[in-house]
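Only one structure is covered here, and it is reproduced in the block below.
Values in this text are rule-based calculations from the coordinates and carry no lab data. Please read these numbers as outputs of a predicted model, since none were measured by experiment. For neighbour counting, all protein chains shown are included, and Cβ atoms are generated from backbone atoms with ideal geometry for every residue, glycine included.
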Amino acid sequence: MAAPQPINVEDLNIYYGDFLAVEGVDVQIRPRSVTALIGPSGCGKSTFLRTLNRMHEVIPGAYAKGKVEINGEDIYDAKVDPVNVRRRVGMVFQKANPFPTMSIRDNVLAGVKLNNRRISKSAADELVERALKGANLWNEVKDRLDKPGMGLSGGQQQRLCIARTIAVKPEVVLMDEPCSALDPISTLAIEDLIHELKEEYTIVIVTHNMQQASRVSDRTGFFNIAGTGKPGHLIEIDDTDTIFTNPSNKQTEDYISGRFG
Amino acid sequence: MSTADIEPDAASAPPASMKSGGRRFGDALFNALSVGSGLLIFVTLAAVAIFLTLESLPAIIASREFSGSADFSLIEYSLPLVFGTVLASAIALVIAIPISLGIALFISHFAPRRLASALGYMIDLLAAVPSVVYGLWGGVWLVPKLEPLYVFLNTYFGWIPLFAGEPTAPMRNLASASVVLAVMVLPIITAVSREVFLQTPRLQEEAALALGATRWETIRTVVLPFGRGGVVAASMLGLGRALGETMAVLMILAPGATFSLHILEVGRHNSIAANIASKQAEASGVDMSLLIFTGLVLFVLTFVINAIARWIVARSGPKS
């Protein structure tokens with residue numbers, strides 16, 4: 001497999017119906033690294049994240065204009081099927097959302113079994129083990145793979161969702177505040193996992209928690225909004241150390257030092 | 001009232017006593033009204049059951065006395081009616097459920113929003129049409145229209161018992177009655193299923209979409225499993241309506257009293273409700289009692305089906 005190319009976003013405008021939610025995003029995201037997106041509530045960081053796998057448009061009336069290239073291919077090209085985009089750009093949500101009617105094992109295999117793809121029992125077993133190990137969950141669940149995924153703790157459910165996402169072998173994993181509903185210990189487990197995942201995947205994570213951004217990310221982007229009803233902007237993106245010690249923009253400095261607003 | 005976080009001395013601080021001198025009048029009134037309404041349900045149900053049992057006793061006793069005689073047997077009289085009722089309802093469900101689920105999914109997940117609400121409104125209207133109107137429409141308009149289809153089924157699929165026999169025009173057969181019943185139960189099944197499908201957690205659907213599921217795959221992996229209990233409940237509601245439906249069957253079906261599976265043949269079947277409606281005006285004495293006994297059978301039948309439905313819904317509810 002060729003090394004993933006950067007995600008390249010050019011002049012992206014994101015709309016909800018007539019409302020321009022995020023304006024003029026230009027950014028390049030490096031492969032096999034963790035990029036954190038921070039900013040106040042409502043600034044459009046989650047909205048932007050969801051345009052990277054065309055999940056934004058599942059909301060009625062929502063659409064995006066501009067260019068988002070993944071591996072040099074514009075995912076907003078008219079000929080591109082969003083289903084194929086989402087197979088290559090996986091997503092982990094704010095709240096763990098394992099499929100309630102499925103066992104742990106079936107949850108991991110859910111994405112793999114889509115599109116009527118058949119998989120042999122031994123290949124499935126191997127994939128389940130690898131994905132769960134990849135999500136640091138294997139040792140906790142290996143004896144109860146046939147139990148419902150909803151029976152796990154919140155942190156385990158979120159790692160199950162990560163296992164489900166990496167089981168389809170995406171190139172990019174998007175994480176939308178994956179720890180916001182978790183306790184500190186579960187959060188730590190996920191953060192450790194993110195460190196390991198970046199060996200193989202390009203990760204973009206939205207977080208409300210600036211300490212988390214500084215702990216897990218290589219680069220950090222700061223989104224801000226001028227006021228209610230105005231579009232959000234990507235103010236700056238730089239190496240995480242630089243953003244947190246020596247940001248070039250006054251707004252970023254105000255935000256990270258808590259003098260925002 | 002939650003008192004766990006109130007300091008003990010905070011409660012004793014105000015001079016006025018917290019004790020209330022008896023219950024407030026409004027509360028008492030509302031309490032009595034709501035308990036009364038609840039009890040009324042039991043009383044009504046019990047009254048119906050007792051009426052049916054008592055009034056059918058003469059027929060039961062008469063049947064005992066005449067047992068052995070071929071002229072009169074309670075069981076021989078009732079069973080073909082039960083058979084006709086259940087068969088007509090079952091066929092109606094087989095026709096209605098797939099169409100209802102299709103419409104419900106179209107409204108909840110495929111149609112553009114404006115079309116969806118218009119369609120939903122039309123479905124609700126369909127539910128409001130009185131059954132007499134369906135009976136008229138079915139008997140006068142639909143029955144002749146179905147004739148070619150029946151001839152076709154009989155000619156090419158006559159080897160299937162259901163379509164065997166000799167259909168003769170006018171096609172006032174069980175199949176026609178079932179088709180009209182299907183139209184009548186379709187709105188209720190559609191409406192309930194649609195509501196259930198719309199309640200599918202957004203996060204679940206997004207989970208499937210984010211894994212690269214197509215719309216149909218999202219429905220298959222998330223929406224249908226989530227809605228399964230609701231769809232069963234909806235179907236049972238429809239079944240309940242089909243079992244008890246009187247006018248449409250009465251106006252369409254040429255009655256008979258056999259255990260024939262040949263649903264295209266005329267004059268082979270009848271349903272309990274239609275049979276009661278057609279005969280009760282002239283019946284008296286033991287004949288009336290006999291009709292009431294079939295009513296009791298229908299009552300028990302719907303009761304049992306509801307119980308089964310509840311059991312299925314409880315069993316297939318979301319696992320936690």
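Annotations
- Per-residue 3J(HN,Hα) values for segment A:77-91, derived from phi via the Karplus relation 6.51 cos²θ - 1.76 cosθ + 1.60 with θ = phi - 60°, read 4, 4, 8, 7, 8, x, 4, 5, 4, 6, 6, 9, 10, x, 9 Hz in sequence order (x marks Gly and Pro).
- For A:Lys67, residues with placed amide H under 5 Å, excluding near neighbours: A:Glu10, A:Leu12
- Charge dipole (debye, nearest 20) of chain B; +1 at Cβ of Lys and Arg, -1 at Cβ of Asp and Glu: 680 debye
- For segment A:22-69 versus segment B:165-233, the spacing of their alpha-carbon centroids is 36 Å.
- Model label sites at B:Lys19 and A:Ser122, defined 7 Å from Cα along the beta-carbon direction, differ in position by 8.1 nm.
- Computed over chain A, the per-residue total of -39500 (n - 2.57) for DSSP H runs of n ≥ 4 gives a 222 nm mean residue ellipticity of -9000 deg cm²/dmol, rounded to 500.
- Cα centroid separation, segment B:242-320 to segment B:114-129: 28 Å.
- By other beta-carbon atoms within 10 Å, ranking B:Met18, A:Met55 with the fewest at the front produces B:Met18, A:Met55.
- Across the options B:Leu119, B:Ala90, B:Gly212, the greatest Cα extent toward the positive end of the charge dipole of segment B:52-316 (unit charges at beta carbon of Lys, Arg, Asp, Glu) belongs to B:Gly212.
- If the Kirkwood radius is taken over C-alpha pairs of segment B:99-170, then at 25 °C and 0.890 mPa s the Stokes-Einstein diffusion coefficient equals 162 µm²/s.
- Among A:Pro170, A:Leu160, A:Ile235 - extreme Cα towards positive end, dipole of chain A, charges at beta-carbon: A:Leu160
- From the alpha carbon centroid of segment A:79-118 to that of segment A:138-217 is 15 Å.
- Ordering B:Ile308, A:Ile75 by the number of other Cβ atoms within 10 Å of each residue's own Cβ, fewest first, gives B:Ile308, A:Ile75.
- The residue among B:Gly135, B:Gly26, A:Pro184 whose Cα reaches farthest toward the positive pole of the charge dipole of the protein assembly as shown, with charges on the beta-carbon of Lys, Arg, Asp and Glu, is B:Gly135.
- Taking A:Ile203, A:Ile256 and counting other C-beta atoms within 10 Å, the order from fewest to most: A:Ile256, A:Ile203
- B:Ala90/B:Leu29 FRET efficiency (R0 35 Å; Cβ-Cβ; nearest 0.05): 0.15
- As a ratio to 2.2 N^0.38 Å, the alpha-carbon radius of gyration computed for segment A:135-261 takes the value 1.23.
- Averaged over the residues of A:97-108, the number of partner chain Cβ atoms lying within 10 Å of the residue Cβ comes to 4.
- Looking at the protein assembly as shown, the pairs of alpha carbons with a distance over 46 Å make up 41% of the total.
- B:Ser117/A:Glu57 FRET efficiency (R0 25 Å; Cβ-Cβ; nearest 0.05): 0.70
- The Cα atoms of segment A:78-217 cover 45, 43, 26 Å along the three principal axes, with the biggest extent listed first.
- For chain B, the longest principal axis of the C-alpha atoms and the axis of helix B:113-128 are separated by about 60°.
- Counting Cβ atoms of other protein chains within 10 Å of each Cβ in A:76-89 and taking the mean gives 2.
- Förster-model FRET efficiency, 56 Å R0, B:Thr302 and A:Glu129, C-beta, rounded to 0.05: 0.65
- For the pair B:Leu79 and B:Phe157, the difference between a 0.36 nm per residue extended length and the Cα-Cα distance amounts to 25.3 nm.
- Put simply, the Cα atoms of chain A extend 55, 43, 34 Å along their principal axes, the longest span coming first.
- Shape of segment B:49-188, Cα gyration tensor, a/c cut at 1.5: oblate
- Degrees separating the helix A:154-167 axis from the principal Cα axis of chain A, which is the longest one: 80 degrees
- Packing rank of B:208-214, B:155-161, B:145-151, A:98-104, where each peptide gets the mean count of other beta carbons within 10 Å, highest leading: B:208-214, A:98-104, B:145-151, B:155-161
- Bridgeable lysines around A:Lys250 (alpha carbons under 27 Å apart, same-chain partners fewer than 8 residues away excluded): A:Lys45, A:Lys230.
- Distant-in-sequence amide contacts of A:Met91, defined by a placed amide H-H separation under 5 Å and a gap of 5 or more residues or a different chain, comprise A:Leu174.
- Each of the peptides B:101-109, B:241-249 was scored by the mean count of other Cβ atoms within 10 Å over its residues; in descending order, highest first, they stand as B:241-249, B:101-109.
- Residue by residue, segment B:250-256 carries 3J(HN,Hα) couplings of 4, 7, 9, 7, 7, x, x Hz when phi is fed to the Karplus relation 6.51 cos²θ - 1.76 cosθ + 1.60 (θ = phi - 60°); x denotes Gly or Pro.
- For chain B, radius of gyration divided by Kirkwood radius, i.e. Rg to Rh on alpha-carbons: 1.12
- In this label model, A:Asp143 and B:Ala128 are separated by 6.1 nm, measuring between points 7 Å along each Cα→Cβ vector.
- Each residue of segment B:25-33 was assigned a 3J(HN,Hα) from its phi angle through the Karplus curve 6.51 cos²θ - 1.76 cosθ + 1.60 (θ = phi - 60°); the sequence is 4, x, 4, 4, 4, 4, 4, 4, 4 Hz, with glycine and proline shown as x.
- Taking 21 Å as the straight-line reach from the Cα of A:Lys113, the lysines in range (excluding those fewer than 8 positions away in the same chain) are A:Lys121, A:Lys133, A:Lys142, A:Lys147, A:Lys169.
- For B:216-226, mean number of other protein chain Cβ atoms within 10 Å: 3
- Between A:Ile205 and A:Thr35, A:Ala36, A:Leu37, A:Met175, the built amide H atoms are under 5 Å apart, and every one of these is 5 or more places off in sequence or on another chain.
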